[in-house]
Amino acid sequence: MGDASDENITNCYEVSHTYYYLIFSQLVNGVLTTACVLIGTVGNLHSIKSIHMTNFDKNRGVVLAVSILALAFWDTILLWCAFFYYGMSALMRAHNSDTTKLLIPWFHGFSQIANTASIWCVVAITVQRFMASRDPFRCSRNNRTLLSSLRTDRRNSSLSVIYCSTYRRHFRMPILLSLAAILLNIPAFFEIESHVCRRKEGRYGYGLHISKLRLNPYYQIWYKVVFRMIVTSCIPNIFVLLLTSLTVYVLKGTNRSRRQLFHMSESLSDRYSSKEAMQTMISLMLVIKYLLFRSPSFFLDVIEVTIGYRGWVQIFIYGADLSNFLVILNSATNCLIFLKGPTWLQRKFTHRNTVKKRTYLFNSLQRSRRVALLQSSWTTAQTMTSRQFGLRIVYAMLRKDPSLFDSIAPSQRNSEEEPLSNSTRGTIERRSFDLLTCPQYYEVGERIENFIGELIRMMQEGQSEQAIIERIRMVGAVHYEHKVLFSSSVWREFKASTLAIIAECPFESETESVPELWKLNRSSSLAIAEKQRIRRIRIKSR
């Protein structure tokens, strides 16, 4: 019987890899995977401790905290399954170890369970984030009984509170997901088998081979391709992508409605905008990381079952190792996104808002200083011109275009007079004498002076540039309705005469006169541009 059994034992199949692949495998599957396992385990344990202290002790976000706990648990299981599955042998280059060959079939099944459970925990967290953004008071309504029980006995340890009946119902969903993941991946324990074989040196050892179940075409198509890809790839990817997009959309709509409803101050609006941006960034980081790290394994499974890899085994092995490492990296960084991501983003947004506020305060200070100089110059100009600033502007515009005499003083029109022109000096002087006795001339000058003063007051009050523009447009529309139209040369004369009067004002230094004239030049140009814009719009509408 012993001889017969020896005859049934085959030689061990030992895969010979190239030197470059051995280095690649030791680096990716060994060093990097082991580093991810250690860092991910420490991070998951730290997240469990943080959730226990901040969420359970304070009864804040318990439902989401339970899902993150389940995610940390299954991610840790997946990390150590990967380490004992292939990481340890790749790190020590012990690919033919008998102990590893005996454990691989078991760790293959456990890793599939942990992978599926981790995927659906991420989906559950995404669903809960969407529900929280859509109905933020849902959890507070459900936890009123828990709050009352906590008020009665605050001395109870948080560890005992976790297992109270109120908290236990929050663990139902992760437990159901875990049971479903175990049931769905039971066939994975029978995909790889270990057997006794004879090694080259003549001793007996253990080898691995793919089971008949895995090679069954119906099993490959219906379980591996259709069922597993739908359950572990297609549906989770669609859920995560769709719900993340909806969460971002709901957050934007909620904050926009809040600003419109409560008329929040600028600081409060910035704080809510920062929270919205932080939640949006966390959601985008989650979906991008999830799709980026888990998509390669999905495509490799499709290629393996559909077209096969017989012609390019080495390339497929490199791709499989990289996809496995990305899955491990995803599990090692999941809890960092949910726990450390908000803190890191909060610091970034706080720093950005601080810099923005400093810039805004500096600009406001500079703007208020320029407006104060403008107001001071305006008061000086009024005093220097004996409150006839507007009259000088009107007179300069009339000298540029004498036809405007009729718009200002239509009652002074005389049909026997010669047509007006720039060369008829006597006529202009006569009209100038007529203006001195015309009340409309003084009225127009007073209106110009009041209008400029009104614009300066709007600047002092800190009104927006758009409000000032709307006021200028309103005045331009009134002029157009009364058929008082100014040519470009008249507007240039208005601007030049205004700057000339301000330039005559005494300044303490040249550093004050230059920005003062620049600001007045800009304000005059803005008024001219907006009034000409009104004219063009009205002409086109006709």
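Some notes on this structure:
- The residues of region 55-75 that are crowded, with 23+ Cβ neighbours inside 10 Å and modelled with pLDDT of 90 or more, listed by number, are W74, D75.
- Verdict on V42 being at pLDDT 80 or above and in contact with an Asp or Glu (Cβ under 6 Å, 6 or more places away or on another chain): no
Quick grid of which residues meet (1) modelled with pLDDT of 65 or more; (2) more than 14 Å from the chain's Cα centre (by Cα); (3) farther than 30 Å from L300 by Cβ; (4) not in a helix (DSSP H, G or I):
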| site | (1), (2), (3), (4) |
| --- | --- |
| W222 | yes, yes, no, no |
| I235 | yes, yes, no, no |
| L243 | yes, yes, no, no |
| T254 | no, yes, yes, no |
| S257 | no, yes, yes, no |
| S267 | no, yes, yes, no |
| S273 | no, no, yes, no |
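- Residue selected from region 176-194 under the condition loosely packed, with under 14 Cβ neighbours inside 10 Å and free of Cβ contacts under 8 Å to residues at least 60 places away in the same chain, by the criterion farthest from F73 (Cα to Cα): L183
- For S464: the one exception among (1) hydroxyl-bearing (S, T, Y); (2) closer than 20 Å to I393 by Cβ; (3) modelled with pLDDT of 60 or more: (2)
- The number of residues in region 28-50 that are without any contact (Cβ under 8 Å) to a residue 40 or more places away in the chain and over 35 Å from the mean Cα position of the chain (by Cα) comes to 0.
- Hits in region 162-191 (condition: modelled with pLDDT of 85 or more and not in a helix (DSSP H, G or I)): N185, E191
Let's see how each residue does on (1) more than 48 Å from the chain's Cα centre (by Cα); (2) modelled with pLDDT of 80 or more; (3) assigned by TED's automatic domain parsing to the domain that holds H482:
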site	(1), (2), (3)
K356	no, no, no
Q366	no, no, no
L373	no, no, no
S377	no, no, no
R392	yes, yes, yes
Y395	yes, yes, yes
P402	yes, no, yes
F405	yes, no, yes
P410	yes, no, yes
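- Check on F494, at pLDDT 55 or above, surrounded by 14 or more Cβ atoms within 10 Å (Cβ to Cβ) and not in a helix (DSSP H, G or I): no
- Scan region 195-215 for residues that are acidic (D, E) and either within 25 Å of V225 (Cα to Cα) or surrounded by 11 or more Cβ atoms within 10 Å (Cβ to Cβ) (or both) and the total you get is 0.
Residues are listed down the side, and each one gets a yes or a no for (1) modelled with pLDDT under 75; (2) within 47 Å of the chain's Cα centre (by Cα):
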site	(1), (2)
V478	no, yes
E481	no, no
V490	no, no
T498	no, no
P506	yes, no
E510	yes, yes
V514	yes, yes
S523	yes, yes
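- A search for C-beta distances below 8 Å between a residue of region 440-464 that is basic (K, R) and any residue that is surrounded by 13 or more Cβ atoms within 10 Å (Cβ to Cβ), counting only pairs 6+ apart in sequence or on different chains, returns R447/G390.
The values are calculated or read from the model by the stated rules, or taken from the named source; none is laboratory data. Values in this document were obtained by computation on a predicted structure and should not be read as measured data. FYI the Cβ positions are ideal-geometry reconstructions off the backbone, even for glycines, and counts take in every protein chain you see.
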